[in-house]
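Undergrad: Take this structure, written in structure tokens, and hold onto it; I'll ask about it next.
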Amino acid sequence: MTADVNNRVLDHIGVGLWTMRSMAQHPRNRVADYRALGEDAVLAEQLGFHSIWSAEHRIWYDGWVPAPLHALAHVAGLTSRLRTGTAVLLATQHDPYTLARTAATLDRISGGRLDLGIGLGHRDVEFDALGLRRDQRGRRMDEVLEVLPAVWAGDHGDPPVDPGPTIWMGGMAPRALERAAAKNTNVILPQTLRPEQVRRCLDTLHSHGDWSGTVGVLRDVWIEPLPRRARSMHTRFVDNFREEAGWWILKGKPAHEVPDLLESQMARVADSSLMGSADEVAQGLRALIDAGAEFLCLRINFDLVSQAELRDQMHRIAAELPSRLADVIAPLGVER
């Protein structure tokens, strides 16, 4: 496979999610966290990936990064081509004007390399801690989607940013898809959707008129050719996710208090993850592309893996997936 085809494939693949968690039982040094993020980003650029993605949460036991744009500014300063993305930033928990100006600054200093994925947020404790009402998050998102392009266009006295950061609407709910279609934004879908669900989301987007955005899909991925090791990784991954998901709010209650709902969620997580040989992983990704996905954000940065394991995984993906996906991704065109 030629280097050009390899690049065309990796132009549709990003790696994530860098959350810089620091848990009470496993505290991490923040200086070391930022250093590692920068080193990982430099490697991602060297390997040819399209982008590196972070996420946002706050006021939580596992200490996710509460200011992803600041972390991505560090990445932008160390790279020249690699795009930076959020999957997702909880836009409803920000002042929209401050968010717009911060994003514009990052986009400007990075040379237009910001992919701003935004979502509603779902953790009650975060809204409570910020003095916000969770039941008004839809209204706040509508305001965000009005304010961002207006500020970037210079309507509020700011220097225009042309064309401005690329917006990705996170979520799969009908209202989220309706917002994306109305504003003609890109969409980033959750990692637990099956290919047929991705197709239905695309149908919903196109049913709202002249939507012409890009559909991206998150997917939990780990390439491991030895079946025993792949099964072990999958078990560790599911157990780790159950610890986090047990504190989600499902149907108004902590998930650990509604075990049937929690196990249903865990089944989706377990079934949708792609962990196995390069052929097995590629087969799962091909199904998503066939369903209409044009961009893949591969979640490989799990709490349970070391930095050495993470970097080995980045090398494996860059070396082994392009040749297995070239015939379905390369025809989509180049994103850079």
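The values are calculated or read from the model by the stated rules, or taken from the named source; none is laboratory data. Nothing here was measured: the structure is a model prediction, and the numbers come from that model. With ideal geometry, Cβ positions are generated from the backbone for all residues, glycine too; neighbour counts draw on all protein chains shown. Calculation scope for accessible area: heavy atoms of the full protein, side chains included, ligands and nucleic acids excluded. Shrake-Rupley method; radii C 1.70, N 1.55, O 1.52, S 1.80 Å.
Undergrad: Calculate the translational D of the range 46-156 in whole µm² s⁻¹ from Stokes-Einstein, where the hydrodynamic radius comes from the Kirkwood formula applied to all Cα pairs, the temperature is 10 °C and the viscosity 1.306 mPa s.
TA: Estimated diffusion coefficient is 108 µm²/s.
Undergrad: For ARG81, ARG35, ARG299, ARG219, write out the residues from largest to smallest accessible area, computed with a 1.4 angstrom probe and no ligands counted.
TA: Largest to smallest exposure gives the sequence ARG35, ARG81, ARG299, ARG219.
Undergrad: Something else: What is the gain in length, in nm to one decimal, between ALA267 and ASN184 on full extension, counting 0.36 nm per residue of separation less the C-alpha to C-alpha distance?
TA: 26.6 nm
Undergrad: Suppose every Lys and Arg Cβ carries +1 and every Asp and Glu Cβ carries -1, with no other charges. What dipole size does the chain come out with about its Cα centre, to the nearest 20 debye?
TA: Here the size comes out at about 300 debye.
Undergrad: Could you check the simple spin-label distance between ALA173 and ASP95, using points 7 Å along Cα→Cβ, in nm with one decimal?
TA: My value for the distance between the label points is 2.6 nm.
Undergrad: At ARG30 and SER323, where each label point lies 7 Å from the Cα along Cα→Cβ, what is the point-to-point distance in nanometres?
TA: Output for this residue pair reads 4.5 nm.
Undergrad: At what distance in nm do the modelled label points of LYS251 and SER277 sit from each other, each positioned 7 Å from its Cα along Cα→Cβ?
TA: Inter-label distance under the simple model: 4.1 nm.
Undergrad: For the chain, build the charge dipole from Cβ charges (+1 Lys, Arg; -1 Asp, Glu) around the Cα centre, then report which of LEU325, THR98, LEU177 sits farthest towards its positive end.
TA: THR98
Undergrad: Now for a different question. Once Lys and Arg get +1 and Asp and Glu get -1 on their Cβ, which of ILE59, ALA129, ALA44 lies farthest toward the positive end of the dipole of the range 42-150?
TA: Towards the positive end, the residue furthest out is ALA44.
Undergrad: Please report the antiparallel percentage of DSSP beta bridges with both residues in the chain, rounded to the nearest 5.
TA: Looking only at bridges with both residues in the chain, the antiparallel portion is about 5 percent.
Undergrad: Moving on. What per residue convex hull volume, in Å³, do the alpha-carbon atoms of the range 72-218 yield?
TA: So the per-residue Cα hull volume is 122 Å³.
Undergrad: Summing -39500 (n - 2.57) over the DSSP H runs of n ≥ 4 in the chain and dividing by its residue number, what mean residue ellipticity at 222 nm do you reach, to the nearest 500 deg cm²/dmol?
TA: Calculated mean residue ellipticity at 222 nm is -15000 deg cm²/dmol.
Undergrad: With Cβ to Cβ distances under 14 Å as the rule, what net charge do the other residues near THR204 carry (K, R +1; D, E -1)?
TA: +1
Undergrad: Given the Cα-Cα distance of ARG286 and ILE59 and 0.36 nm per residue of separation, how much length would full extension add, in nm?
TA: 78.0 nm
Undergrad: Arrange the peptides 279-288, 114-123 so that the one whose residues have, on average, the most other Cβ atoms within 10 Å appears first.
TA: Answer by packing, highest mean first, reads 114-123, 279-288.
Undergrad: For the chain, build the charge dipole from Cβ charges (+1 Lys, Arg; -1 Asp, Glu) around the Cα centre, then report which of PHE295, ASN29, HIS12 sits farthest towards its positive end.
TA: Selected residue: ASN29.
Undergrad: Taking every DSSP beta bridge with both residues inside the range 209-336, roughly what % is antiparallel (nearest 5)?
TA: Beta bridges within the range 209-336, antiparallel portion: roughly 20 percent.
Undergrad: Where the convex hull is taken over the Cα atoms of the range 180-296, what is its projected area averaged over directions, in nm²?
TA: Averaged projected hull area, Cα only: 8.2 nm².
Undergrad: Taking the Cα centre of each part, how many Å lie between the range 3-79 and the range 287-336?
TA: Using only Cα atoms, the two centres lie 15 Å from each other.
Undergrad: Next up: Counting Lys and Arg as +1 and Asp and Glu as -1, each charge on the Cβ, what is the dipole of the range 212-314 about the Cα centre in debye, to the nearest 20?
TA: 20
Undergrad: Here's a follow-up. In nm, what is the difference between 0.36 nm times the number of residues separating ALA129 and LEU332 and their Cα-Cα distance?
TA: 68.7 nm
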